[in-house]
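The values are calculated or read from the model by the stated rules, or taken from the named source; none is laboratory data. Because the structure is a prediction, the values reported are computed rather than measured. Every residue, glycine as well, gets a Cβ built from its backbone with ideal geometry; the counts of neighbours run over all protein chains shown.
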Amino acid sequence: MVVVMSPDATAEDVAHVVARVESVGGEAFVSTGVVRTIIGLVGDIDSFHHLNLRTLRGVADVHRISDPYKLVSRQHHPDRSTVWVGAPGRQVPIGPETFTLIAGPCAVETAEQTLEAAHMARSAGATILRGGAFKPRTSPYAFQGLGVAGLTILADVGAATGLPVVTEVVDARDVAVVAEHADMLQVGTRNMANFGLLQAVGECDKPVLLKRGMTATIEEWLMAAEYIAQRGNLDVVLCERGIRTFEPSTRNTLDISAVPVVQATSHLPVVVDPSHAAGRKDLVVPLSRAAIAVGADGVIVDVHPDPETALCDGPQALLGTELRDLAQAVRRLPGMVGRRSAADPAG
Ligand code: PEP
Ligand code: MN
């Protein structure tokens, strides 16, 4: 941490800052410039925060040097992590060595639709099945998901196809029932800053897919991951799913640069959701290719056997040729960036 003194700060002001820092066991290194004095602090950052240094006379600014997150930071955990999803014996990795395709319907509608979507997903090379049972919809009049009945369908289809399943939890009170049925819990964009929910999934023993809030900075997103980790669950996969910008031709703007930015600062795996970012199926394959090229650890995409009748997000669901293009990209491109593909039997 660095304290910048204002140009008119006196020697007493500087001495007071030093004394306050030393009073909590820290060290203060004073560097006197022609115009300003700066003070470098070494010690426990949390105790420095309690000093409210910005309120002291003569202090112009206080800068943090280290990351505000600890458990998810690479500063203390330099190697990138792999998160394993699924029951022992059929665990699927998400991490730096592999490229993982997660696919499935936006929402679980019926057993038949979910099973068909799962077969589509698997034929494209997916090794994890997605499907929402609790749907966080913008409109209270829109289909809200089948709830627990949807969880049962998803779990049955996962068991029948051998695919671990990921599904969203929108309420802290549902974490136990969702964890009972799913291999991975998703926290959606609208709940990224629901700290009670983050703590609740942090206390469960299943991995978590944490989507980026659509208006969240990367630092806020990583602090949300820190909430989960701080409760004991370090099996967190981050998901870039687009952010809100002034551009109306896509639903959200996929922030592709977030992938390497996050990977440089956090050890957690990061995947991309091109379906929810774009909201348009014609962009899902190109954006998936971009995600592979930029070094993402996987993608999560919507597929539906009959997008026309989909109860949720039909326009972004892949079918037919787009799915073949996706399968081809997922089989061929990861090898070019030094990864094993999800579709590779050795992966
Ligand atoms: C979803 O994946 O079903 C979903 C609602 O995504 P997001 O939270 O990114 O909108
Ligand atoms: Mn959706």
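Below are the figures for this structure:
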quantity	calculated
Failed item in (1) more than 17 Å from Phe134 (Cβ to Cβ); (2) hydrophobic (A, V, I, L, M, F, W, C); (3) within 16 Å of ligand 2 (Cβ to nearest atom), with Leu238 passing the rest	(3)
Qualifying residue in segment 126-133 (condition: surrounded by fewer than 24 Cβ atoms within 10 Å (Cβ to Cβ) and touching a helix residue (DSSP H, G or I) at 6+ places or on another chain (Cβ under 9 Å))	no
Any chance Glu247 is out of contact with any Phe, Trp or Tyr (no Cβ under 8 Å at 6 or more places or on another chain) and under 26 Å from Cys106 (Cβ atoms)	yes
Unmet requirement for Ser31, which otherwise passes all of (1) outside the structural domain of Pro307 (by TED's automatic domain parsing); (2) closer than 25 Å to Ile218 by Cα; (3) at pLDDT 95 or above	(2)
Sole residue being at pLDDT 95 or above, on the phi > 0 side of the Ramachandran plot and not charged (D, E, K, R), chosen from Gly25, Gly89	Gly25
Condition check for Ala264: within 17 Å of Ser341 (Cβ to Cβ), at pLDDT 95 or above and away from ligand 1 (no atom under 14 Å from the Cβ)	no
Matching entry among Gly202, Gly242 (being at positive phi and modelled with pLDDT of 95 or more)	Gly242
Residue check, Ala117 in contact with a His (Cβ under 9 Å, 6 or more places away or on another chain) and within 16 Å of ligand 1 (Cβ to nearest atom)	yes
Scan of segment 18-52 for residues that are without any contact (Cβ under 8 Å) to a residue 12 or more places away in the chain and not polar (S, T, N, Q), ordered by number	Ala19, Glu22, Gly33, Val34, Asp46, His49
Checklist (1) under 30 Å from Arg331 (Cα atoms); (2) out of contact with any Phe, Trp or Tyr (no Cβ under 9 Å at 6 or more places or on another chain); (3) crowded, with 16+ Cβ neighbours inside 10 Å; (4) small (Gly, Ala, Ser) applied to Ala28, failing item	(1)
Among (1) touching a Pro at 6+ places or on another chain (Cβ under 7 Å); (2) modelled with pLDDT of 95 or more - the single one Val285 does not satisfy	(1)
Residues (of a type in the set (Val, Ile, Thr), crowded, with 19+ Cβ neighbours inside 10 Å and more than 16 Å from ligand 1 (Cβ to nearest atom)) located in segment 267-309	Val285, Ile292
Subset tally (residues that are among the acidic types (Asp, Glu), assigned to a loop (DSSP other than H, G, I, E, B) and within 21 Å of Thr265 (Cα to Cα)) for segment 218-253	1
Complete set of residues in segment 294-326 that are touching a helix residue (DSSP H, G or I) at 6+ places or on another chain (Cβ under 7 Å) and of a type in the set (A, V, I, L, M, F, W, C)	Val294, Ala296, Val299, Val301, Val303, Ala317, Leu318, Leu319, Leu323, Leu326
Residue within segment 333-344 that is crowded, with 19+ Cβ neighbours inside 10 Å, of a type in the set (A, V, I, L, M, F, W, C), within 26 Å of Glu112 (Cβ to Cβ) and modelled with pLDDT under 95 present	yes
